[in-house]
1. I'm trying to understand the selection: among the residues of the stretch 106-125, which are outside any helix (DSSP H, G or I) and either open to solvent by less than 50 Å² (accessible area, probe 1.4 Å) or at pLDDT 85 or above (or both)?
2. Identify all residues within the stretch 1-43 that are in contact (Cβ under 8 Å) with a residue 24 or more places away in the chain and open to solvent by less than 90 Å² (accessible area, probe 1.4 Å); write none if there are none.
3. Go through the stretch 30-44 and count every residue that is assigned to a loop (DSSP other than H, G, I, E, B) and not polar (S, T, N, Q).
Amino acid sequence: MLQWFLIKTEEDYNNAIARYEAIKLAAKGDSHHDEKLLLVHLIENYENKLWDLPEVDPVELIKIRMDDFGYKAADLAAIYGDKGTISKVLNYKQTLSLSMIRKFSELLHLPASALLKEYRLTEQP
């Protein structure tokens, strides 16, 4: 097991993410399980310090980051593969799926935990 310390640089962060990806399926009792849990904590700590995110719901956060990067709904659809679903999510008609959270977290440089928060959908007629 590698020895981990607080993540202070983007290089440290990228190394931690790469290592996490390599061991993320480690189950309880596996020799890498404790390392996986430690990496989750270190990565989350770094992301929380790095990204001073507003306290808004996940959809609004996505919209803010889309604006920051100059993305349109079509750009998200190109990553996710379904324009209709993206439209429904951005208009509060459908919740984010785990697959979307993973893809949008990476694309928009957001911690996945920020996209996991609960939010209300609009009422359907």
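The values are calculated or read from the model by the stated rules, or taken from the named source; none is laboratory data. Here the structure is a predicted model, which is why all the values come from computation and not from measurement. With ideal geometry, Cβ positions are generated from the backbone for all residues, glycine too; neighbour counts draw on all protein chains shown. Please note that ligands, DNA and RNA were not included when accessible areas were found on the heavy atoms of the full protein model with its side chains. Shrake-Rupley method; radii C 1.70, N 1.55, O 1.52, S 1.80 Å.
1. Within the stretch 106-125, the subset outside any helix (DSSP H, G or I) is 108-111, 116-125.
Correct list: LEU108, LEU110, PRO111, LEU116, LYS117, GLU118, TYR119, ARG120, LEU121, THR122.
2. Once the filter is applied, which keeps residues that are in contact (Cβ under 8 Å) with a residue 24 or more places away in the chain and open to solvent by less than 90 Å² (accessible area, probe 1.4 Å), the stretch 1-43 yields TRP4, ILE7, ASP12, TYR13, ALA16, ILE17, HIS32, GLU35, LEU38, LEU39, LEU42, ILE43.
3. Let us first name the residues in the stretch 30-44 that are assigned to a loop (DSSP other than H, G, I, E, B), namely 30-32.
Next, from what is left, pick out any that are not polar (S, T, N, Q): 30, 32.
Qualifying residue count for the region: 2.
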